[in-house]
Amino acid sequence: MLRNKKTALFSLGLISSISLTAMAQAPQHHVVVAPQCLIKHTDFSFKTLSETASFVLIETNEAGIDKLIDAKTQYRASGCGGFVNVTESWDAFQPKTLAKDKRAKQFLIDYTKPTKSISNLSKVGYEIKYEKQVNTLLSQLNPQMMWDNLSTLSSFQDRYANSDHGVKAANWIKDYVETLAKNNQRSDVTVYTIPTGSYKQPSVIAKIGTSSAPGIVIGAHMDTLSGSFSKKPGADDDGSGTVTVLEVARTLLSSGMTFNKPIYFMWYAAEEQGLVGSGYVVSEFKKKNIPVDAVLHFDMTGYAHKNESTMWLMSDYSNKELTAYLEKLINTYVKQPVKYTACGYACSDHASWNKGGFAAAMPFESSMNNDNPNIHSSQDTMDKLSLSHMTDFAKLGTSFVVELAQPLA
Ligand SMILES: [Zn+2]
């Protein structure tokens, strides 16, 4: 199909071989669920498959995805949120015998009905039990390592899900964790990738521990927008979350500490394209029946509005008990003020887990009204970030995994 189109365009001599290459690389068929309020902010005509009062199911191409990204960037303070690229689920949706409009309606209603995330942990309660072990690890966090890693990650032209730079960034993260495991002689670490459908960049997963007990997940998205026209350093979005998770992993692997439950460190691909990488990760976990007790997601941990050290917690599309537990962890271990904010529909990868029925929570650098104004541009650079703010999130991440995964000694 694509080849025919290419040949036709080529024979007309309309486009150069360079743009042909770019066309061939970008996935062209996309089906998206978006809130009505986001669509309202775009000037693109989408092919609507179905709609409800709050949501639309649309079929679009790469240009449409770019328009949705523009809208979610520009109007993020409105609390409308983002969109989910549901192409794979839509294509697999049965029954195909239903007329397309009826099928679309059914899909959209099913897809957007509120999910109730349940965790085994809520039965036993979320406790603070391992202060000694947590405090030992907190003293080993090394902010300079985070800063150095962020410098490397923001030096790529971009970490776009469909560029070679994006693949190189994913490989750099994978190599970093593999080297850590090797240097610390850890035989209980598995590092692997989960492919992202038609996007080049895979998500990277590092599992620590070999037990089949329910896992504890801590993650961030590694991708940025495309750097074809201008560099996309993505220092804050989400280089900051990426290195926050890397530093928790480094500290834990070097400590030699082992746990009752496995810990999954994750760096998701293609978040910007509609939570695509985390969507594939969650469906892989569901397909393989891998149990997960709790998910922590970092998307932007480095920008401190007016230099305030307040840590914000997302109150929507997340598990309430787990979010309240984050506040308890911050009070105990980080000792910074805590406030709540909301980010709307599908604003980041925690929403993929929440949708899958897993307990997920997302702390954030600021309120949604006052987040980093430079994201998604060439100005998302390290000089606007606070290393001490980022370090506070690394402390939160460390206390989260240690308390919930239960250290063995
Ligand atoms: Zn982000």
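The values are calculated or read from the model by the stated rules, or taken from the named source; none is laboratory data. Model, not experiment: these values are computed from the prediction. No Cβ is skipped: glycine too gets one built from the backbone with ideal geometry, and neighbour counts run over all protein chains shown. Just the protein is used for accessible areas: all its heavy atoms, side chains included, with ligands, DNA and RNA removed. Shrake-Rupley method; radii C 1.70, N 1.55, O 1.52, S 1.80 Å.
Annotations for the structure displayed:
- Any hit, the stretch 126-143, residues being touching a Pro at 6+ places or on another chain (Cβ under 7 Å) and surrounded by 14 or more Cβ atoms within 10 Å (Cβ to Cβ): yes
For every residue, the table says whether it meets (1) within 27 Å of G344 (Cβ to Cβ); (2) assigned to a strand (DSSP E or B); (3) open to solvent by 20 Å² or more (accessible area, probe 1.4 Å); (4) in contact with a strand residue (DSSP E or B) (Cβ under 9 Å, 6 or more places away or on another chain).
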residue	(1), (2), (3), (4)
S366	yes, no, no, yes
N369	yes, no, yes, yes
P373	yes, no, yes, no
D380	yes, no, no, no
D383	no, no, yes, no
H389	yes, no, no, yes
D392	yes, no, no, yes
K395	no, no, yes, no
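- Test: G209 is in contact (Cβ under 8 Å) with a residue 12 or more places away in the chain, within 12 Å of the ligand (Cβ to nearest atom) and of a type outside the set (D, E, K, R): no
- Selected residue (criterion: nearest to M146 (Cα to Cα)) from residues of the stretch 225-246 that are open to solvent by 10 Å² or more (accessible area, probe 1.4 Å) and more than 14 Å from the ligand (Cβ to nearest atom): K231
- Residues located in the stretch 162-192, provided they are surrounded by fewer than 17 Cβ atoms within 10 Å (Cβ to Cβ) and in a strand (DSSP E or B): T190, Y192
- Residues of the stretch 107-129 satisfying the condition of being under 27 Å from the mean Cα position of the chain (by Cα) and in a helix (DSSP H, G or I): F107, L108, I109, D110, Y111, T112, L121, S122
- Residues of the stretch 298-338 that turn out to be of a type in the set (F, W, Y), away from the ligand (no atom under 16 Å from the Cβ) and crowded, with 23+ Cβ neighbours inside 10 Å, as a count: 1
- Some residue of the stretch 248-266 being within 16 Å of the ligand (Cβ to nearest atom), of a type in the set (F, W, Y) and open to solvent by less than 10 Å² (accessible area, probe 1.4 Å): no
- Yes/no for A342 being crowded, with 24+ Cβ neighbours inside 10 Å and over 21 Å from A235 (Cβ atoms): no
- Of everything in the stretch 339-383 that is more than 16 Å from the ligand (Cβ to nearest atom) and among the aromatic types (F, W, Y), the residue that is farthest from E271 (Cα to Cα) is Y340.
- Scanning the stretch 302-320 for residues that are in contact with a helix residue (DSSP H, G or I) (Cβ under 6 Å, 6 or more places away or on another chain) and closer than 17 Å to D238 by Cα turns up G302, Y303, A304, H305, M311, L313.
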